[in-house]
Each structure stands twice: as C-alpha cells, then as structure tokens.
Ligand code: FES
C-alpha cells in the first residue's frame, strides 16, 4: 500500500508507519558510516529500531535503497568505475535475495 501525505512523504511501511523520507535518511546515515556497505531492508529497519512484520514493503525498500545509494555516490567524488561496480554488486545482491525469497515462498506454499 502506498499513500502520499500532504508533506509529500510517501508511506512505504504501513505496519511501522515509515515513510520514504525516513528510509532515505537512514540509508544516507548508513552510507555516511561506510559508503561501500551493502544495505538490506533489515539493516535499515534495525537502524530505525523497527522490524519487518509482514515484510510486504521490502521490495519497495530495496528500490529506495538502490535509488538512494546511486544518488549518494553520484554526488560524491567516487569514480564512475567504482560506482558502476558497486551498483552492479548491489543490484545483483538484491536480485539474488528476491529470487531466494520467491523460492522460499513457493516451497512453503507447496508444503501447506
Ligand atoms: S508493510 Fe512494512 S513490515 Fe508490513
């Protein structure tokens, strides 16, 4: 579910009432600590002292992580090669996680 508030913030996680801006700010704080770390939704939520409940928002959080990380590095003195390599690794990492998650859901659906 996505809702846009009057302040232009989009509600991303309805379980925890977390907006896109909350997530972006947390990602930037994490990148300020280590700009080359791989960030996953659980790490973002842990930093916000929240946790995934239904985790239905995680695919949107992954999109925000990729977009925010790309913008973060584009505005800093990283080389194009460094950014390209890192973004390739980040997207590949999230794609593998997404596939593993789908597989897990498929297996648990068959088992039920
Ligand atoms: S919508 Fe985010 S944990 Fe449920």
Could I have the simple spin-label model distance between residue 53 and residue 101, label points 7 Å from Cα toward Cβ, reported in nm to one decimal?
1.8 nm
Computed, not fitted: 222 nm per-residue ellipticity of the chain from DSSP H runs ≥ 4 (each -39500 (n - 2.57)), nearest 500, equal to -21000 deg cm²/dmol
Burial ordering of 25, 95, fewest other beta-carbon atoms within 10 Å first
95, 25
For segment 53-67 and segment 73-98, what is the separation of their Cα centres, given in Å?
17 Å
With N set to the residue count of the chain, report its C-alpha Rg divided by 2.2 N^0.38 Å to two decimal places.
1.15
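Laboratory data are not the source of any read-out in this text; all were calculated from the coordinates shown. Please read all numbers here as calculations on a predicted model, not as lab measurements. Cβ sites come from the backbone with ideal geometry, for glycine too, and all protein chains shown count toward neighbours.
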